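The values are calculated or read from the model by the stated rules, or taken from the named source; none is laboratory data. Model, not experiment: these values are computed from the prediction. Cβ placement follows ideal geometry from the backbone for every residue including glycine, while neighbour counts extend to all protein chains displayed. Only protein heavy atoms, including side chains, enter the accessible area calculation; ligands, DNA and RNA are left aside. Shrake-Rupley method; radii C 1.70, N 1.55, O 1.52, S 1.80 Å.
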Amino acid sequence: MRHITASRRRVTTAVTAVLAATLGVATLSAPAATAATAPVTPVTWHDFNGNGTPDLLSESYDRPTMVRSDTAYDPATGKVTAGAWASTGIPAETDPMLSHPFHIATGNLGGSAVGDFVSRVGGVLYLNKGRGDGTFSAPINVGTGWHVYKKLVGGSDITGDGKPDLLGISSTTGELWLHTGTGKDTAPFLAARKNLGKGWGVYYSVAGVGNIAGGPAGDVVAVDGYGSAWLHLGKGDGTFAPRTRISLTWPGSVVLGVGDINRDGRPDMVTFTHPAGSLKIHLGTGDWRAPFRNTTPQDLGLPGLNGFTTF
């Protein structure tokens with residue numbers, strides 16, 4: 001997702017028809033999961049220091065270590081704030097000419113009381129378990145062969161079994177693959193992956209956002225190269241209902257699920273764009289037809305980082 005400039009061309013009728021046939025667009029009819037209010041989302045998904053509020057992790061060319069920002073919500077003003085970037089102690093890749101690892105916040109993959117994240121370095125996947133103080137234990141090698149994916153997506157329980165899963169989008173075919181969570185840190189995913197279908201290569205950014213519409217499992221929000229945002233509702237059996245377009249105005253946006261940032265029981269989302277790098281919070285509504293508030297999203301006010309990625 002680094003340094004990718006999204007095309008801002010208008011979506012033509014022909015392109016729309018092709019994508020609809022590939023992914024199963026449902027822009028007017030309700031998907032299988034319909035509920036007005038989402039249940040309470042565990043904050044531990046993006047809480048890395050154990051204080052009950054979501055955090056943001058980031059890596060930048062001009063910082064020697066990964067950094068973390070803690071969020072807070074003021075119910076009196078309705079404002080979300082974010083603390084200054086603080087070092088996590090994890091070395092960051094500081095050479096912009098090198099191939100960077102992927103980092104994906106996943107939730108509790110096995111045994112920790114706070115959020116974890118995984119890193120893909122080359123084809124090797126590592127689990128970084130949260131310690132509960134904003135730092136992480138030594139990386140655990142959990143498998144090879146992960147180089148086949150151009151994107152990894154964490155943060156949602158796709159199967160509805162209470163354990164976070166991991167999704168991968170194939171670099172060559174655009175197929176979506178499900179890696180089912182086990183709850184064991186040394187082997188956090190089942191050995192056998194599940195093919196969820198083709199067509200996902202059209203997306204510029206994809207995020208696991210948790211259960212944002214009251215369905216039986218976690219959901220996914222994705223932005224295509226034209227700036228359209230799409231909601232894929234989890235059906236609870238490891239698959240998704242036909243996608244629903246939720247916005248036409250997010251060109252170049254990277255989407256990031258962060259859990260319930262304003263403590264209203266509904267998952268929220270952060271977006272940012274390159275090169276400006278402004279992080280904005282989109283508060284969840286619990287309604288699949290309009291899962292995020294239509295008012296202008298609040299800028300979190302974090303200082304910009306040079307060539308950063310946030311997870």
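Remarks
- Ordering of 80-86, 137-143 by burial proxy (mean other Cβ atoms within 10 Å per residue, highest first): 80-86, 137-143
- Protection proxy ranking, peptides 191-203, 220-232, average beta carbon neighbours within 10 Å, highest first: 220-232, 191-203
- Per residue, segment 125-269 exposes an accessible area of 33 Å² to a 1.4 Å probe, with every protein chain left in place.
- Trypsin sites (Lys or Arg not before Pro) lying in DSSP loop within segment 209-311, provided at most 12 other Cβ fall within 10 Å: none
- The accessible area of TYR126, taken with all protein chains in place and a 1.4 Å probe, comes to roughly 70 Å².
- Accessible carbon and sulfur surface of segment 161-311 relative to its total accessible area, %, 1.4 Å: 50
- The share of Cα pairs per 5 Å bin across segment 61-214, counted from zero up to the longest distance, runs 2, 8, 16, 19, 20, 16, 11, 5, 2, 0 percent.
- Near ALA229: Cβ cut-off under 11 Å, other residues only, Lys/Arg at +1 and Asp/Glu at -1. The net charge is +1.
- Across LYS79/LYS151; LYS151/LYS184; LYS129/LYS163; LYS151/LYS280; LYS150/LYS194, pairs whose alpha-carbon gap is larger than 25 Å: LYS79/LYS151
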